[in-house]
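Colleague: First the structure, which I've put down as structure tokens, then a few questions once you've had a look.
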Amino acid sequence: MDALSIIGILVALGAILVGQSLEGGHIGSLLNGPAALIVLGGTVGASMLQTPLAVFFQAMRSISWVFKPPVQDPEQTIKKIINWSGISRSQGLLGLESVGEKEPDLFARKGLRLLVDGNEPEVIRSILETETDAREHHELQAAKVFEGMGGYAPTIGILGAVMGLIHVMENLSDPSKLGSGIAVAFVATIYGVALANLLLLPVANKLKSIAHSHTRLREMITEGIVSIAQGENPRNIETRLQSYLH
């Protein structure tokens with residue numbers, strides 16, 4: 001569980017609510033169902049319009065990464081690669097066949113299979129780099145969905161405010177309703193700006209960061225497997241892979 005993400009959301013919302021209270025405002029004045037419907041519905045609808053269905057569902061599934069990122073252990077991965085290197089030197093590349101069948105990471109399993117099949121190092125590198133680029137693109141597409149939502153939300157918030165002001169103008173004959181009506185109208189703007197800057201854009205950036213860390217780990221695995229294919233000394237392989245930890 002990523003406690004920092006949860007703390008960040010609580011701090012952001014808490015600062016707004018406490019600030020509203022300190023200024024003498026009522027927290028209830030920030031609650032408005034129609035404004036929330038306009039901003040949320042409009043933002044999601046616009047995002048669905050610009051995004052392919054598969055990418056949209058992938059983005060929705062990726063939300064869990066913000067609070068519970070996929071487990072990555074580069075140091076443990078290096079140890080596994082060094083172990084693979086030792087097996088290849090003592091038993092030959094075919095000795096890695098059983099290891100590859102038990103490897104839980106699909107990317108590493110694919111690399112081991114290429115290694116066992118006797119492919120040339122540059123062929124292995126080319127295939128794994130193509131796989132890495134494809135996976136990174138797929139993961140970044142999910143982040144771009146939330147980035148797009150972050151661009152739409154403030155504008156749709158302004159749209160909601162204008163709609164509210166139109167309703168106010170229709171009641172000019174009753175001055176007692178003007179003040180509260182204008183206040184409610186601008187709640188939509190608050191929703192749009194807050195949703196974009198406190199949630200959607202941070203989520204997009206968090207997903208980008210996770211995608212880049214995944215790519216870095218796959219690059220390390222690629223380097224390790226190619227080094228094994230080249231018959232390098234396990235100690236030299238470990239020294240090279242340690243640079244990925246910094």
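Colleague: Taking the condition assigned to a helix (DSSP H, G or I), more than 24 Å from ASP2 (Cα to Cα) and touching a residue at least 40 places away in the same chain (Cβ under 8 Å), does ILE182 pass?
Modeller: No; evaluated as a whole, the condition is false for this residue.
Colleague: Given the conditions (1) in contact with a helix residue (DSSP H, G or I) (Cβ under 6 Å, 6 or more places away or on another chain); (2) farther than 30 Å from ILE225 by Cα, report the number of the one that ILE87 does not fulfil.
Modeller: With respect to (1) in contact with a helix residue (DSSP H, G or I) (Cβ under 6 Å, 6 or more places away or on another chain); (2) farther than 30 Å from ILE225 by Cα, ILE87 is out only on (2).
Colleague: Restricting region 220-241 to residues that are among the acidic types (Asp, Glu) and assigned to a helix (DSSP H, G or I), which is farthest from ASN83 (Cα to Cα)?
Modeller: Among those that are among the acidic types (Asp, Glu) and assigned to a helix (DSSP H, G or I), it is GLU223.
Colleague: Okay, moving on. Against the condition over 27 Å from GLY14 (Cβ atoms) and either in a loop (DSSP other than H, G, I, E, B) or at pLDDT below 95 (or both), how does LEU198 come out, does it pass? Spell out the reasoning first.
Modeller: On the way: over 27 Å from GLY14 (Cβ atoms): no; either in a loop (DSSP other than H, G, I, E, B) or at pLDDT below 95 (or both): yes.
Spelling it out, it is not the case that LEU198 is over 27 Å from GLY14 (Cβ atoms) and either in a loop (DSSP other than H, G, I, E, B) or at pLDDT below 95 (or both).
Colleague: Looking only at region 30-56, count every residue that is over 19 Å from the mean Cα position of the chain (by Cα) and surrounded by 13 or more Cβ atoms within 10 Å (Cβ to Cβ) and tell me the total. Show your work before the answer.
Modeller: Keep residues of region 30-56 that are over 19 Å from the mean Cα position of the chain (by Cα), which gives 30-42, 45-46, 49.
Still in the list and also surrounded by 13 or more Cβ atoms within 10 Å (Cβ to Cβ): 30, 32, 34-40, 42, 46.
Of the residues in region 30-56, 11 are over 19 Å from the mean Cα position of the chain (by Cα) and surrounded by 13 or more Cβ atoms within 10 Å (Cβ to Cβ).
Colleague: Could you tell me which residue of region 112-122 is surrounded by the most Cβ atoms within 10 Å (Cβ to Cβ), considering only residues that are over 29 Å from the mean Cα position of the chain (by Cα) and not acidic (Asp, Glu)?
Modeller: Restricting to residues being over 29 Å from the mean Cα position of the chain (by Cα) and not acidic (Asp, Glu), the top hit is LEU115.
Colleague: Further question: Just for helices (runs of 4 or more DSSP H) wholly inside region 61-153: which have at least 1 residues that are in contact with a Lys or Arg (Cβ under 7 Å, 6 or more places away or on another chain)?
Modeller: Values: elements: 74-91, 97-102, 106-116.
Where helices (runs of 4 or more DSSP H) fall fully within region 61-153 and carry at least 1 residues being in contact with a Lys or Arg (Cβ under 7 Å, 6 or more places away or on another chain), they are 97-102, 106-116.
Colleague: Of these, ARG125, ARG109, ARG89, which one is modelled with pLDDT under 90, over 21 Å from the mean Cα position of the chain (by Cα), farther than 28 Å from LEU49 by Cα and in the same structural domain as ALA229 (by TED's automatic domain parsing)?
Modeller: Among ARG125, ARG109, ARG89, only ARG89 is modelled with pLDDT under 90, over 21 Å from the mean Cα position of the chain (by Cα), farther than 28 Å from LEU49 by Cα and in the same structural domain as ALA229 (by TED's automatic domain parsing).
Colleague: Right, something else. Suppose we filter region 28-64 for residues that are free of Cβ contacts under 8 Å to residues at least 24 places away in the same chain and in contact with a Gly (Cβ under 6 Å, 6 or more places away or on another chain); how many remain?
Modeller: Residues that pass the stated criteria total 0.
Colleague: Does MET149 meet the test of being hydrophobic (A, V, I, L, M, F, W, C) and buried (at least 20 other Cβ atoms within 10 Å of the Cβ)?
Modeller: In short, yes.
The values are calculated or read from the model by the stated rules, or taken from the named source; none is laboratory data. Everything numeric in this text was worked out from a predicted model, so none of it was measured. Heads up, the Cβs are rebuilt from the backbone with ideal geometry, glycines too, and the neighbour counts pull from every protein chain shown.
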